[in-house]
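Each value in this text was obtained by applying a stated rule to the coordinates, not by laboratory testing. Everything numeric here is computed off the predicted structure, so don't read it as measured data. Cβ coordinates were reconstructed from backbone atoms using ideal geometry, including for glycine residues, and neighbour counts include every protein chain displayed.
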Amino acid sequence: MDDLFAPSDVSWTPVSPKLATLRRLTAAIFAGLAAIAALLALGLTVGWAYGVLAAVVIALVFGWAWILIGRNQRSWKYAEREDELLVSHGIMFRELVVVPYGRMQFVDVTAGPLERAYGMATVELHTATPATDAKIPGLHPDEAGRLRDRLSALGHSQAWGL
């Protein structure tokens, strides 16, 4: 079954472990704000015990998210074949996207403020069919630039036959 979503005949490249750190930081910020809001809203309206209970539930959900974020980060990988790029990710719902180089229309590289602070970027591949679009988060900026240039060149050279 693993060979269906991650063929073993290619060399897979994992994304940076910093991706899990960044996502955990983002989740911690949102969970903290939600816990404070729940504590104050419920504490001031129906009772502090309900506010504390809501904050504890939010903390437990955050703990579960912490574990899932790490597992999800480890599932992201990509592989470059001669004619296509493969992107695989997911734990419970696994996904393998195969993007033929000749079908690529353009390649985006993005990096928000937190991604830049952690030294990461995201490469997005766009095709004519949105179902075959692919995204690779958590790449080092040098790797993202190399991948962008390589995919653009391969997409341009292989699209001439269309």
| Where the centroid of each part is defined by its Cα atoms, how far is region 35-69 from region 109-137 in Å? | 32
| query | Where in region 46-71 is the amide nitrogen less than 11 Å from a point lying 7 Å along the Cα-to-Cβ axis of Leu114? | reply | none
| Do any GluC sites (Glu not before Pro) in region 81-120 lie in a DSSP loop with no more than 12 other beta carbon atoms within 10 Å, and if so, which? | Glu82
| query | For region 25-110, what is the convex hull (Cα atoms) projected area averaged across all directions, in square nanometres? | reply | 8.0
| message | Using 0.36 nm times the number of residues separating Ala34 and Gln105, minus their current alpha carbon distance, what extension gain do you get? | response | 21.5 nm
| query | What residue among Phe93, Phe62, Phe30 has the largest mean-square fluctuation in a Gaussian network model of the chain, using Cα springs under 10 Å? | reply | Phe93
| field | Folded to 0 to 90 degrees: helix 48-75 orientation relative to the chain principal axis, Cα | value | 20
| Angle in degrees between helix 18-45 and the longest Cα principal axis of the chain, rounded to the nearest 10 | 30
| field | Net lengthening on full extension, Arg74/Ile91 (0.36 nm per residue, minus Cα-Cα) | value | 5.2 nm
| query | How much length is gained if the chain between Trp64 and Lys18 is pulled fully straight, taking 0.36 nm per residue apart and subtracting their Cα-Cα distance, in nm to one decimal? | reply | 14.7 nm
| How large is the helix-only mean residue ellipticity at 222 nm for the chain, computed as the sum of -39500 (n - 2.57) over DSSP H runs with n ≥ 4, divided by its residue count, in deg cm²/dmol to the nearest 500? | -17000 deg cm²/dmol
| remark: When the charge dipole of region 21-102 is computed with +1 on Lys and Arg Cβ and -1 on Asp and Glu Cβ about the Cα centre, the Cα farthest towards its positive end, among Val46, Pro100, Ile69, belongs to Val46
| note | region 70-108 scanned against label point 7 Å out from Ala27 along Cα→C-beta; backbone N under 19 Å for 70-77, 89-95
| field | Listed values (i) 24.1, 90; (ii) 15.5, 48; (iii) 20.1, 69, entry calculated as Rg and Dmax of the Cα atoms in Å | value | (iii)
| message | How tilted is helix 141-158 with respect to the longest principal axis of the chain? Cα atoms for both, answer in degrees (0 to 90, nearest 10). | response | 40
| said: Give me the dipole magnitude in Debye, nearest 20, for the chain about the Cα centre, with unit charges on the beta carbon: positive for Lys and Arg, negative for Asp and Glu. | reply: 580
